[in-house]
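The values are calculated or read from the model by the stated rules, or taken from the named source; none is laboratory data. Just so you know, these numbers come straight off a predicted model, no measurement behind them. Counting neighbours? That spans all protein chains shown, and the Cβs are built from the backbone with ideal geometry, glycine included. Note: areas computed on protein heavy atoms with side chains; ligands, DNA, RNA excluded. Shrake-Rupley method; radii C 1.70, N 1.55, O 1.52, S 1.80 Å.
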Amino acid sequence: MEFKLRQASREDAPFIAETVMRAMGDAICSKMAGKPEKLPLIVQLFTELAAAETSQYSYRNTLIAETPDNRPAGAVVSYDGAMLYQLRQAFIDGANRLLGWNIRQEDFTPETSDDEFYLDSLMVSPEYRRRGLAGILIREAAKKAREAGKPLGLLVDHDNPGARRLYVASGFKSVGTRPFAGVDMEHMQLDGSQIL
């Protein structure tokens with residue numbers, strides 16, 4: 001099957017929210033919600049952030065892969081790590097408003113840094129897996145990283161060996177660990193010279 005790639009639009013916000021939440025995993029989303037009845041607020045938060053002009057999860061930072069009949073099959077969210085603090089403010093404001101949190105920038109350990117382009121979230125819908133689409137989306141994020149003159153970085157949960165195998169097969173190397181949402185994750189990078 002041939003997939004078409006396109007820049008996401010605001011109308012893709014629900015699919016982008018699904019991408020981000022699947023990338024985070026059920027445990028982190030449940031922890032963020034606190035109570036099962038608050039999980040719809042997490043969905044609302046990430047949908048609003050995906051529709052926003054400026055957020056980590058904005059449609060502007062997202063590439064969508066579609067089937068020939070225009071159904072979304074996968075997505076990748078990536079951005080320049082130097083923009084993290086500016087982009088994350090929308091999450092902080094939204095979480096404080098919707099979830100009643102009282103968080104500030106200082107409360108976060110950064111998941112990326114100024115010297116890398118960050119692959120934040122990647123998802124291929126289950127019915128389109130094992131067709132090479134994840135690799136295509138990774139290569140597109142890698143092209144953006146190369147244009148920015150930076151390596152492509154990401155975090156992968158130690159409990160997700162399938163994702164790690166995908167990233168290793170794509171050329172990523174382990175460069176240490178970084179915390180995300182209170183969980184230590186493996187920090188991996190794809191060097192600019194390895195970007196296809």
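What to note about this one:
- Of everything listed in (1) surrounded by fewer than 16 Cβ atoms within 10 Å (Cβ to Cβ); (2) of a type in the set (Gly, Ala, Ser); (3) modelled with pLDDT of 95 or more, the single unmet condition for residue 141 is (1).
- Residue in the stretch 46-81 that is most open to solvent (accessible area, probe 1.4 Å), counting only those that are within 21 Å of residue 185 (Cβ to Cβ) and part of a helix (DSSP H, G or I): 61
- Residue 116 being of a type in the set (D, E, K, R), over 30 Å from residue 96 (Cβ atoms) and modelled with pLDDT of 95 or more: no
- Unique match (being open to solvent by less than 60 Å² (accessible area, probe 1.4 Å), more than 15 Å from the chain's Cα centre (by Cα) and of a type outside the set (Val, Ile, Thr)) among 149, 132: 132
- The residues of the stretch 11-45 that are assigned to a helix (DSSP H, G or I), of a type outside the set (S, T, N, Q) and over 17 Å from the mean Cα position of the chain (by Cα), listed by number, are 11, 31, 33, 36, 37, 38, 39, 40, 41.
- Given (1) of a type outside the set (D, E, K, R); (2) more than 14 Å from residue 118 (Cβ to Cβ); (3) open to solvent by less than 70 Å² (accessible area, probe 1.4 Å); (4) out of contact with any Ser or Thr (no Cβ under 8 Å at 6 or more places or on another chain), index of the condition residue 156 fails: (2)
- Where residue 82 falls short, out of the listed (1) under 15 Å from the mean Cα position of the chain (by Cα); (2) at pLDDT 95 or above: (1)
- Every residue from the stretch 17-52 that is in contact with a Gly (Cβ under 9 Å, 6 or more places away or on another chain) and touching a residue at least 60 places away in the same chain (Cβ under 8 Å): 19, 28, 31
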